[in-house]
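Have a look at the structure below before the remarks.
Here, each number is a calculation from the coordinates, and none is a lab measurement. Predicted model, so just to flag it, every value in this text is computed and none were measured. Backbone-built Cβ (ideal geometry, glycine too); neighbour counts: all protein chains shown.
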């Protein structure tokens, strides 16, 4: 089987597309083999009866270091979430917002029962500390679990259970907060220094935006690779494709299978439900968190409050 390109890339998700972009900049042609029927990997959007349904609740953080190198933000039509959350606590909803981004909500945040006054002071201190470090310094900090780091920083059990656990449990898909504190440092910095946004055409428009700017790249959909080595790949039909180099841009499990290696690390899963509504349950463009840990839903968002194009006229889209 012939290929158009010196390099073969396995996977047309964000990693594979960005790898092709880097090769393009170096005038190296490539072929991307994608096993599914479209590009994007996990970052895809389905259109159902006029609603934009991302495959799982997703946001893009505008402060990602490589973001402006890869994307033209203005052309994607980003719409930001509010910097904060509505938290279910004691049978009521309380609000906690970033006072640096929402000064008008300073008083409400100061008296919010989601955290103690000392917690709020520590949040300000942590924000200043992390914003003062370079990204290299962030990833070189001593590593421990996020839960241990929060305890070490002196945060109370109240804010851990009512905010950090539901919020970062959703970010990491890890309500136990055993994820590395370095990842917490990085994501906290990204949330604090930029916006969490949704694009006009759904999250699936991000990989399409990258693909549209690729040159000397042949993307072949519905083409599964079953084996890879340094000299090329073998396709599901048995064809052997030779290449100067092979880039495996898949998840860890798929990469191990391609290389004939064992896999041992389990995956964390999540389920996203979408609901159409005539009226939104909340009016703000923000997350609603379960600070009581009593229900089956970790967080909820009316995504059409954030980006109106996610729902047709006269309707709203709720994601939980």
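Quick one: what do you get for the chain if you divide its Cα Rg by 2.2 N^0.38 Å?
With N residues counted in the chain, Rg over 2.2 N^0.38 Å equals 1.10.
Give me the extension gain from residue 148 to residue 66: residue separation times 0.36 nm, minus the current Cα-Cα distance, reported in nm with one decimal.
On the way: separation 82, 0.36 × 82 = 29.52 nm, distance 2.95 nm.
So the chain would gain 26.6 nm between residue 148 and residue 66.
Give me the angle, in degrees from 0 to 90, between the Cα long axis of helix 181-193 and the longest principal axis of the Cα atoms of the chain, rounded to the nearest 10.
The angle comes out at about 80 degrees.
How many nm separate the modelled label positions at residue 200 and residue 244, each set 7 Å beyond the Cα in the direction of the Cβ?
According to this spin-label approximation, the distance is 3.9 nm.
Between residue 173 and residue 139, with labels modelled 7 Å along Cα→Cβ, what's the label distance in nm to one decimal, could you check?
In this crude spin-label approximation the distance works out to 2.1 nm.
Using only helices, what value at 222 nm comes out for the chain when you add -39,500 (n - 2.57) per DSSP H run of length 4 or more and divide by the total residues, to the nearest 500 deg cm²/dmol? Please list the in-between numbers first.
Working: 12 runs with 93 residues, N = 320.
Estimated from H runs of four or more residues: -7500 deg cm²/dmol.
Along the Cα→Cβ direction, 7 angstrom out, place labels at residue 129 and residue 230. What is the inter-label distance in nm?
The answer from the label model is 4.4 nm.
Using only Cα atoms, tell me the angle between helix 14-25 and the longest principal axis of the chain; keep it within 0 to 90° and round to the nearest 10.
60
State the extension gain, in nm to one decimal, for the chain segment bounded by residue 113 and residue 259, taking 0.36 nm per residue of separation less the distance between their alpha-carbons.
Numbers: separation 146, 0.36 × 146 = 52.56 nm, distance 5.16 nm.
So the chain would gain 47.4 nm between residue 113 and residue 259.
Against the longest principal axis of the chain, how steep is helix 117-131, in degrees 0 to 90 to the nearest 10, with axes from Cα atoms?
30
Can you say what percent of the DSSP beta bridges in segment 1-86, counting only those with both residues inside, are antiparallel? Round to 5. Before the final figure, lay out each step's value.
Details: 4 of 9 bridges.
Counting only bridges with both partners in segment 1-86, antiparallel ones make up about 45 percent.
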